[in-house]
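Data block below; observations after.
The values are calculated or read from the model by the stated rules, or taken from the named source; none is laboratory data. Since the model is a prediction, treat every value here as computed from it, not as a measurement. Don't worry about glycine lacking a Cβ; one is built from the backbone with ideal geometry, like all the others, and counts go over all protein chains shown. Quick note on the areas: whole protein, heavy atoms, side chains included, nothing else; ligands and nucleic acids left out. Shrake-Rupley method; radii C 1.70, N 1.55, O 1.52, S 1.80 Å.
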Amino acid sequence: MIKLKNIIKQYEVNSQNIVMALKGIDLHIKEGELVVLRGASGSGKSTVLSLIAALSKPTSGEVIVGGDRISKLPDNFASDFRRHSIGFVFQKYNLMPILSAKENIILPLVPMNLSSDEIEEKLKRVLKMFQIEHKENQLVKNLSGGEQQRVAIARANINNPKIILADEPTANLDEKLSLAFIEILKELKEEGKTIVIATHDPLFFGLEIVDREIEIYQGSIV
Amino acid sequence: MKNKINLYIIEYAINSLLSQKYKTFFVTSVLTALVFLLSSLFFITNSIKYELNSTLEALPEITVQKIKAGRHYDIDISVVDEILEITGVESAIARVWGYYYFENAGVNFSIIGLDEYEEQYKNSFVKVAKELDFSKPSMIVGVGVKKIMDKNYYKEYFNFIKPNGTLKKVDITGVFSGDTELESNDVIVMSNESVREIFDMDKSKATDIVVRVANHNEISTIASKIKLLYPDSRVVTKDDLKISYQNIFDYKSGIFLALFVISLFTFFIIIYDKASGLSSEQKREIGILKAIGWRVDDVLREKFYEGFIVSFFSYMLGIIVALAFVYILKAPLLQNIFTGYSQLKTSFNLPFVLDVQTLALIFFLSVPIYIAAIIIPSWRSATLEADEVIR
C-alpha cells in the first residue's frame with residue numbers, strides 16, 4: 001500500500017544551514033494496517049507523514065502509494081491525490097476558525113463542485129460517525145479542543161479516503177479525550193483504512209489495535 | 001449534476017471576506033473613494049467639454065471690435081454697411097452688450113441687447129426676441145440672474161444704476177434658457193435701446209459687430225479684408241475664440257491632471273502593498289487548502305472571486321456615488337475648479353454625459369489591477385510546498 005524507498009529529506013534553513021530530516025528511510029505499510037511512528041520531537045515522524053501525503057517531495061528516494069509514484073507528482077496531481085486518497089489530521093487541526101464546523105468539514109469537497117445532495121450525504125455520514133451533529137453550525141473557534149479534533153477527523157474522512165494520517169493527534173487532548181480518539185481509530189480500522197500515526201504519546205504504545213510500532217530516531221528507523 | 005460555475009468557491013470567498021470584515025471594509029472604502037474621485041473628475045470634465053463644445057458652436061464666425069490704445073471701444077454702426085459690401089459676407093449685425101456689476105450680490109451680469117426687427121445672430125435669441133416686449137423697458141433673464149434678483153427682493157423688476165447715477169427700472173418678463181447653461185446663466189436680454197440707456201451708449205455706436213460668412217472656408221480671407229479696411233479694429237474669428245476658450249479649459253484640466261495623478265498614485269501604493277506579499281495568516285490559509293486537496297487553480301479561482309467582489313463592488317459604488325455627487329448634488333467644491341470662468345457661479349447644472357469609454361477606462365484602472373494584486377502573491381504562496389507553508 002505505502003512504500004518509502006531510501007528516502008532522504010533535507011530542509012534548507014538558509015544557505016549555510018541544511019537540516020537532514022530523514023537519512024535513507026525504507027518503510028513498507030500494508031493495506032489496512034495501523035502503524036504508529038514513535039520518536040522524540042524533531043526525529044522526522046511528521047516529515048514521513050508529509051511525504052506520504054505528497055505535501056512535500058523527498059530530496060532523493062521514492063514514495064509509492066497504491067502503486068503510484070507520488071514523490072514525482074506535479075503539484076496539481078498531488079492535490080488530486082490528497083483529495084481522493086488521503087485524510088490528514090494535523091497536530092494543530094489546521095481548521096479555519098472563521099468557518100462553522102460544517103463548513104470546515106466540507107471544505108475538501110468545495111473544488112469538486114458536487115451537487116448539494118451529494119455534499120449533504122457525505123456530511124451526514126461523518127457528522128454521525130464522529131458524533132458532532134449537534135455542533136455542525138457552530139464556529140470552530142467556539143468549540144472545545146476535543147470537538148475541534150472531531151471536526152478535523154470528520155474533514156479528513158469526508159471523501160472516505162483509504163489512508164488516514166494523524167500527526168500527534170492527542171498532543172492537545174486530556175486523557176479522556178485521548179481515549180475517545182482511540183475509539184475513533186478502532187472504528188476507522190474496522191472500516192479497513194490504512195492508518196499511520198506519528199506520536200510520542202505512550203498511550204499508543206502496546207495498544208491492541210496497533211499492528212506495528214516503528215521507532216524513528218534522528219531521521220532513521222531504529 | 002455539476003454546475004459550470006462553482007458556487008461553493010464563491011460562497012467560500014464571500015465567507016472569507018466577511019470573516020475579515022474590518023479589513024474588507026477598509027479596502028472597499030479606499031477603493032470606492034478612489035473610483036469616486038476619478039469618476040467625478042471624468043464626469044465633470046466630460047460635461048464641461050460637452051458644454052464648451054455647444055457654446056463654441058454658437059459663437060459668431062467673425063467678431064469685429066474697435067481698438068484704441070490697446071483697449072476695446074464702441075464701434076460706429078455705419079461699419080456694418082461697409083462690411084456687408086465685402087463679397088462673401090452673408091450678414092453683419094451690430095451688437096450692443098456689456099457687463100453690469102450688481103454690487104449687492106458682488107456679481108456681474110452680461111446684458112445683451114436685441115432689435116425687434118433685426119436678424120438674430122444666435123438661434124437662442126430668435127425665441128427671446130418674440131417673447132420680449134419691446135414697447136416698454138423689459139428683460140428676460142438667465143436662471144442664475146433670476147435667483148440673485150429674487151434673493152435681493154427684485155422679483156418683478158430691477159433698478160439699474162446708470163452712469164449718471166439715475167435709475168433705470170426694467171421689468172422682468174421671463175427667464176432665458178440658452179443653448180447651454182454656461183451661456184445663459186448670467187445673461188440678461190433686453191432691447192438695444194434699454195441697453196444703450198443703462199450703459200450710456202450713443203445710438204450711432206455698438207459694442208461690436210458680428211459677421212456671418214456664406215462659405216466657411218472664406219472666414220480667414222474675409223477677416224483679413226475687414227482688417228485691411230479698418231486697421232484700428234480687432235477681427236476675431238471663431239477659431240481664435242475656440243483657442244481662447246480651450247486655453248482657459250486646459251488650465252483647468254491641469255488641475256484635473258494633478259488630482260488624477262494623486263488618485264492613481266494612492267491606488268498604486270495600495271496595489272504595491274498588496275502585491276508585495278501575504279500575511280502569515282493568509283499563507284497558512286492557502287497551505288491548509290492545498291493540504292486538504294485544493295489545486296493551485298482552485299486557490300487562485302477563490303482569490304479571483306475575492307478580488308472581483310471587492311473591486312467590482314467598489315467600482316459600482318464609486319460610480320453611483322460619483323453620478324449622484326456630480327449630477328444631483330452639482331459637484332460641490334470640485335465644480336468651481338472647472339467652471340471659474342462663469343460670471344455667476346450659482347445654479348450651474350452640468351449636462352448629463354455618460355460615455356462607455358470613460359466607464360471602461362475607470363474599470364480597467366481599478367478592477368483588473370486590484371485582482372492582479374490579489375492573485376499574484378496568492379499564486380506565489382500556492383505554488384510553494386504545502387508542508388513548507390503550514391509547518
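Below is a table of values for the structure above.
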read-out: Within the range B:62-236, percent of DSSP bridges classed antiparallel, to nearest 5; value: 75
read-out: Test item: Cα-centred dipole of the protein assembly as shown, Lys/Arg +1 and Asp/Glu -1 on Cβ, debye; value: 1420
read-out: DSSP-assigned coil residues among GluC sites (Glu not before Pro) in the range B:1-94, each with at most 14 further Cβ atoms within 10 Å; value: B:GLU85
read-out: In the range A:4-62, trypsin sites (Lys or Arg not before Pro) in a DSSP loop with at most 14 other beta-carbon atoms within 10 Å; value: A:LYS30
read-out: Across A:LYS124/A:LYS189; A:LYS122/A:LYS189; A:LYS57/A:LYS176; B:LYS66/B:LYS238; A:LYS3/A:LYS193, pairs whose alpha-carbon gap is larger than 25 Å; value: A:LYS57/A:LYS176
read-out: Relative contact order computed over chain B (Cα-Cα under 8 Å; 6+ residues apart), in percent; value: 28
read-out: Charge dipole magnitude, Cβ of K and R +1, D and E -1 - chain B, Cα centre, debye nearest 20; value: 1380
read-out: For the range B:1-84, with +1 on Lys and Arg beta carbons and -1 on Asp and Glu, the positive-most of B:ILE83, B:TYR8, B:SER40 along the dipole; value: B:TYR8
read-out: Mean accessible surface per residue for the protein assembly as shown, computed with a 1.4 Å probe while every protein chain stays in place, in Å²; value: 48
read-out: From phi via Karplus (6.51, -1.76, 1.60), per-residue ³J(HN,Hα) for the range B:29-40 in Hz, x at Gly/Pro; value: 5, 5, 4, 4, 4, 5, 4, 4, 5, 4, 5, 4
read-out: GNM top mover of B:ASN247, B:ASN108, B:ASN192 - chain B, alpha-carbon springs below 10 Å; value: B:ASN247
read-out: Listing of the range A:91-112 residues, each with accessible area lower by at least 50 Å² in the full protein assembly than in the chain alone (probe 1.4 Å); value: A:ASN94, A:MET96, A:ILE98, A:LEU107, A:VAL110, A:PRO111
read-out: Members of the range A:25-71 that become less accessible by 30 Å² or more once partner protein chains are added (1.4 angstrom probe, chain alone as reference); value: A:LEU55
read-out: Chains B and A, summed buried accessible surface - 1.4 Å probe, Å², nearest 100; value: 2700
read-out: Among the listed pairs A:LYS30/A:LYS141; A:LYS23/A:LYS141; A:LYS30/B:LYS303; A:LYS45/B:LYS290; A:LYS72/B:LYS303; A:LYS92/B:LYS303, those beyond 31 Å (Cα-Cα); value: A:LYS30/A:LYS141; A:LYS23/A:LYS141; A:LYS30/B:LYS303
read-out: Area accessible to solvent at B:ASP115, 1.4 Å probe radius, in Å²; value: 70
read-out: Potential extension, B:ASP239-B:LEU333 segment - 0.36 nm per residue separation minus Cα distance; value: 30.7 nm
read-out: Chain A: most fluctuating residue of A:ASN14, A:ASN160, A:ASN137 per GNM, C-alpha cutoff 10 Å; value: A:ASN14
read-out: Nearest-0.05 FRET efficiency for A:LEU207 and A:VAL13, computed from C-beta distance (R0 22 Å); value: 0.05
read-out: Projected label distance in nm at A:HIS84 and B:TYR101, using a 7 Å step from Cα toward the beta-carbon; value: 8.9
read-out: Sites matching GluC sites (Glu not before Pro) across the range A:140-205 that sit in DSSP coil, with at most 16 neighbouring C-beta atoms within 10 Å; value: A:GLU191
read-out: Accessible surface ranking that places the most exposed of B:SER263, B:SER78 first, with a 1.4 angstrom probe; value: B:SER78, B:SER263
read-out: Over the range B:62-236, relative contact order from alpha-carbon pairs under 8 Å, at least 6 apart, %; value: 37
read-out: Rounded FRET efficiency, nearest 0.05, which uses the C-beta distance separating B:PHE25 from B:LEU361 and R0 of 25 Å; value: 0.40
read-out: Phi-based couplings in Hz for the range A:52-59 (Karplus 6.51, -1.76, 1.60; Gly and Pro marked x); value: 5, 7, 6, 7, 8, 10, x, 5
read-out: Per-residue ³J(HN,Hα) for the range A:94-99, Karplus 6.51 cos²θ - 1.76 cosθ + 1.60, θ = phi - 60°, Hz, x for Gly and Pro; value: 6, 8, 8, x, 7, 9
